[in-house]
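J.: This structure is in structure tokens; I'll ask about it shortly.
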Amino acid sequence: SYCFVCFANYSWLGEFSDLLSTMAEWSIQHMVFVLLSVPVELVLHTNYTITFWVMVFAIAFFNSIGSALLVVFGGLLAILASCGVQPSSLPRYRGPLDVFFGRQYKASSETPDQPANNNVSLATFHNKMVVAYRKADSHFASPQAKMVVAVADPKELDHWEVIWDHSTGEDDLREMMLFVLNDKLFLYYARLAPHKRGFSPRGMHFVSTSDLKTWTEPVELGRVSEIPWDIKVRKDRSGTLMAYKASYIGNHYSADAVCTVLFEKSADGETWSPVGERSEVYTGGISEVSFDFTDKGDLIAIGRNEDGDHTGFGSQLYFAKADDLAHWHHLEVSLPQRFDSPRMINVQGDIMLFARFAREGYNQIPEWCPFWLQRLGNLIIYSTLPKSAAVYRISPPDENGKFGSEPISVVRFFEATHGDTGFFSCARAPDAPEDEWIIANYSSTCHSHAPWIYGQFFATDIYVCRCKFFRC
């Protein structure tokens, strides 16, 4: 009779229609969080070993011992299935270049109620290594998030002293970016709304210091939705020391997401202007863009194509001539791999890329599916697969700016980087040779085959290590 009443007054249709309307307004990230919220809550509040054996004994008691044995056997098969390694979708580098990593040193501080340490940036200033990172109760947007700045002697990377921190109590703070210009250390960052199930920027800000003791008050600049991602300092063609910034704006993660990549320059680190006639260099699904310059002064850049566009899903490569840095040429079809949180550096003529590593390509959903389904499905699949971290080499394009069929190859993997990991920053210690760098990254403490989303819900810490490039 209840069903009859429901059908008779059609009230359920109105409620269902309202639900559909609400879902249509959700961002892709919000939808993923809702779909994963129940299993994630179970993961966060369950003792897996006890729960498994309780289920086994319950099945044996209420059903049969044979059924319980089948469950145990199925669990064993699941463990064995997780032990296998899928072949990588990326080629291994073949050549004389090699990379050596030293010991890992923990740079983040212990804070039991704020176990998420991520979004790291590293710089050298006044003969000190300076690290800035986000500390919060969760990887996801939180009003408890704060920025932490710590320093260490380049020869004693196992001892970091916190010298400054900042929080608002109303915003999530992330995407820290340190750089030095005119003997001043700048820290750029983004404010976001503290909604765990969304990505809502509230503007780009910066603070600065000349002595690591006194910091300016936060200054807001740029567009409301602008997220800074990479800043490089070098002399322009006139010999003026200039900071170059790659950032993006747009409705990232929305159902109709469109992002625009900006490329700008600044002589003082505070006011920015287009490198060319316009700041915009690409519009589509690209976010998180890193770049560097070749020995000839040409620009090479990479961008994460997570939202997808007319070139597909995965990552985009860009090239611009030294005499026209504002005109970025891109691949006709995006690379199928997704290089999250990329950091690019020039090491004695070789363009090296530090980024998250995933064995599988990102474009898992067939192209004949609706675009919104590709965007949602790719993100869900990617979130449930394990991740690691690696250093790659980018093969330079030809004289016409065309990249080869395999432009990115894996040089080597980082050790003990699992779960949520692969957010790099690179800096050279004072007076260090050009082939020696210090690398910062963050990582979860979990097994190598733990899904990426698993790592995002548990503790992460900041680590630094020395890195040396050499040729055999």
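The values are calculated or read from the model by the stated rules, or taken from the named source; none is laboratory data. It should be emphasised that the depicted structure is a prediction, and the values quoted were computed from it without experimental measurement. Cβ: placed from backbone, ideal geometry, glycine included. Neighbour counts: every protein chain shown. We work out accessible area using only protein heavy atoms, side chains counted, and drop any ligands, DNA or RNA first. Shrake-Rupley method; radii C 1.70, N 1.55, O 1.52, S 1.80 Å.
J.: Given (1) buried (at least 16 other Cβ atoms within 10 Å of the Cβ); (2) at pLDDT 90 or above; (3) within 29 Å of T294 (Cβ to Cβ), identify the lone condition not met by T240.
T.: (1)
J.: Can you tell which of S443, S448, S425 is more than 21 Å from R471 (Cα to Cα) and either of a type in the set (D, E, K, R) or in contact with a helix residue (DSSP H, G or I) (Cβ under 9 Å, 6 or more places away or on another chain) (or both)? Give the steps one after another, and end with the answer.
T.: Numbers: S448 fails: either of a type in the set (D, E, K, R) or in contact with a helix residue (DSSP H, G or I) (Cβ under 9 Å, 6 or more places away or on another chain) (or both); S425 fails: either of a type in the set (D, E, K, R) or in contact with a helix residue (DSSP H, G or I) (Cβ under 9 Å, 6 or more places away or on another chain) (or both).
The match here is S443.
J.: Then there is this: Please enumerate the residues belonging to the stretch 256-278 that are open to solvent by 10 Å² or more (accessible area, probe 1.4 Å), touching a Leu at 6+ places or on another chain (Cβ under 9 Å) and either on the phi > 0 side of the Ramachandran plot or among the small types (G, A, S) (or both).
T.: A267, G276
J.: Assess whether A432 counts as being buried (at least 18 other Cβ atoms within 10 Å of the Cβ) and among the aliphatic types (A, V, I, L, M). Spell out how you get there, then give the answer.
T.: Details: buried (at least 18 other Cβ atoms within 10 Å of the Cβ): no; among the aliphatic types (A, V, I, L, M): yes.
Taking the combined requirement at face value, the residue does not satisfy it.
J.: Then there's this: Would you call E288 at pLDDT below 95, open to solvent by 10 Å² or more (accessible area, probe 1.4 Å), under 16 Å from the mean Cα position of the chain (by Cα) and closer than 30 Å to V207 by Cα?
T.: Numbers: at pLDDT below 95: yes; open to solvent by 10 Å² or more (accessible area, probe 1.4 Å): yes; under 16 Å from the mean Cα position of the chain (by Cα): yes; closer than 30 Å to V207 by Cα: yes.
Against the criterion (at pLDDT below 95, open to solvent by 10 Å² or more (accessible area, probe 1.4 Å), under 16 Å from the mean Cα position of the chain (by Cα) and closer than 30 Å to V207 by Cα), E288 qualifies.
J.: Residue pairs, Cβ under 8 Å, 6 or more apart or interchain, first in the stretch 206-219 and open to solvent by less than 20 Å² (accessible area, probe 1.4 Å), second of a type in the set (K, R). List them.
T.: S208/K184; T209/K184
J.: Let me ask something else. Scan the stretch 112-129 and tell me whether some residue there is in a strand (DSSP E or B) and surrounded by fewer than 17 Cβ atoms within 10 Å (Cβ to Cβ).
T.: Filtering the stretch 112-129 down to residues in a strand (DSSP E or B) leaves 116-125, 128-129.
Checking which are surrounded by fewer than 17 Cβ atoms within 10 Å (Cβ to Cβ) leaves us with none.
No: zero hits.
J.: Scan the stretch 56-102 for residues that are hydroxyl-bearing (S, T, Y) and modelled with pLDDT under 90 and jot them down. It would help to see each step written out before you state the result.
T.: Taking the stretch 56-102 first, the residues hydroxyl-bearing (S, T, Y) are 64, 67, 82, 88-89, 93.
Selection gives S82, S88, S89.
J.: Which ones in the stretch 277-331 are farther than 22 Å from N346 by Cβ and outside any strand (DSSP E or B)?
T.: Residues of the stretch 277-331 that are farther than 22 Å from N346 by Cβ, as a first pass: 277-280, 283-285, 287, 305-314.
Passing the criteria: E277, R278, S279, G285, H310, T311.
J.: For the stretch 210-252, which fully contained strands (runs of 3 or more DSSP E) count at least 1 residues that are closer than 21 Å to D172 by Cβ, within 23 Å of the chain's Cα centre (by Cα) and polar (S, T, N, Q)?
T.: Working: elements: 219-221, 227-235, 241-250.
Strands (runs of 3 or more DSSP E) meeting the threshold: 241-250.
J.: Then there's this: Which residues, counting only those in the stretch 406-420, are aliphatic (A, V, I, L, M) and assigned to a strand (DSSP E or B)?
T.: Step one: list which residues in the stretch 406-420 are aliphatic (A, V, I, L, M), which gives 408, 410-411, 416.
Scanning the stretch 406-420 gives I408, V410, V411.
J.: Does the stretch 388-405 include one or more residues that are open to solvent by less than 30 Å² (accessible area, probe 1.4 Å), free of Cβ contacts under 8 Å to residues at least 40 places away in the same chain and part of a strand (DSSP E or B)? Reasoning before the result, please.
T.: Initial filter on the stretch 388-405 (open to solvent by less than 30 Å² (accessible area, probe 1.4 Å)): 388-392, 394, 397, 401.
Keeping just the survivors that are free of Cβ contacts under 8 Å to residues at least 40 places away in the same chain gives 390.
Of the ones still in play, those that are also part of a strand (DSSP E or B) are 390.
Looking for residues that are open to solvent by less than 30 Å² (accessible area, probe 1.4 Å), free of Cβ contacts under 8 Å to residues at least 40 places away in the same chain and part of a strand (DSSP E or B), one finds at least one in the stretch 388-405, hence yes.
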